[in-house]
Amino acid sequence: MRIVAILAVGLLALVLPFAEAEDTLVRFDGGIGVDPVSNAPGPGAVAATVTRNIVRGVQPASSWVIAKLKAEVKDDGRITADGRGLVFASGDAIGTALVLTPTGAAASITVFATLICENVAPFVERNTNPVPLAANGDFKIDDVLSPPPPPSSCATPVLLIRNAGNGFWFAAGIQKFDGGREGRDERD
């Protein structure tokens, strides 16, 4: 009887991680800050035209960096995201996540996450509710995307962290391929 109990516990230890991975739609580990310009042709120091860094229909903010981003989206649309160091990469507020008002006072920003599964238009923006962005650029999201992600797949996901005020994107998640439906990455 004791051997059966030990085997049952061992079997549960093997099965539970697989069951948890099964309901995960996509994971992100790492982030990319926004560069508002994706192209400025020509050899000169000043370009007559620039190409804005628009991602799946979403406009870019000014230059931002992010130190760390981890996020997980479940099949039912539940999303958890932990961001660290999402701060300005240029201008007078460089190194902070505070907006300077005309009077010189600092104002805080709120952010939300958007998951876009489609790689061609029309794009469906699946959004969270806004959360505060700390002065040091840290934030946590624990919410459900609305509308929910497609039940069958999200083969080419983009996760954007966006400004709740104007909808511009600050950072994008780096997809993690670690055994979910998307495939496996043996280097990790």
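Criterion first (under 21 Å from P36 (Cα atoms), touching a Phe, Trp or Tyr at 6+ places or on another chain (Cβ under 7 Å) and either modelled with pLDDT of 95 or more or of a type in the set (A, V, I, L, M, F, W, C) (or both)) does L86 satisfy it? Judged against the criteria, L86 is a match.
For (1) at pLDDT 95 or above; (2) of a type outside the set (G, A, S); (3) touching a helix residue (DSSP H, G or I) at 6+ places or on another chain (Cβ under 9 Å), each residue gets a yes or a no:
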position	(1), (2), (3)
S90	no, no, no
I94	no, yes, no
P132	yes, yes, no
P148	no, yes, no
P151	no, yes, no
T156	no, yes, no
N163	yes, yes, no
W169	yes, yes, no
I174	yes, yes, no
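Taking the stretch 45-100 as the range and being polar (S, T, N, Q), surrounded by 14 or more Cβ atoms within 10 Å (Cβ to Cβ) and assigned to a strand (DSSP E or B) as the test, only T80 passes.
The rows are residues; the columns are (1) touching a residue at least 60 places away in the same chain (Cβ under 8 Å); (2) on the phi < 0 side of the Ramachandran plot; (3) in a loop (DSSP other than H, G, I, E, B).
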position: T103; (1), (2), (3): no, yes, yes
position: T110; (1), (2), (3): no, yes, no
position: V120; (1), (2), (3): no, yes, yes
position: P132; (1), (2), (3): no, yes, no
position: D142; (1), (2), (3): yes, yes, no
position: P150; (1), (2), (3): no, yes, yes
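Those residues that are within 19 Å of V65 (Cβ to Cβ), among the charged types (D, E, K, R) and open to solvent by 70 Å² or more (accessible area, probe 1.4 Å), I need them from the stretch 117-152; list them, please. Matches in the stretch 117-152: K140 only. Looking across the stretch 22-44, the residues that are in a strand (DSSP E or B) and open to solvent by 50 Å² or more (accessible area, probe 1.4 Å) come down to D29, I32, V37, S38, N39. Here the condition is being within 26 Å of A155 (Cα to Cα), touching a residue at least 12 places away in the same chain (Cβ under 8 Å) and of a type outside the set (D, E, K, R); of N39, N53, it holds for N53 alone.
The values are calculated or read from the model by the stated rules, or taken from the named source; none is laboratory data. The structure presented is a predicted model; accordingly, all values stated were derived computationally and were not measured. Ideal geometry is used to build each Cβ from the backbone, glycine not excepted, and the neighbour counts take in all protein chains shown. Note: areas computed on protein heavy atoms with side chains; ligands, DNA, RNA excluded. Shrake-Rupley method; radii C 1.70, N 1.55, O 1.52, S 1.80 Å.
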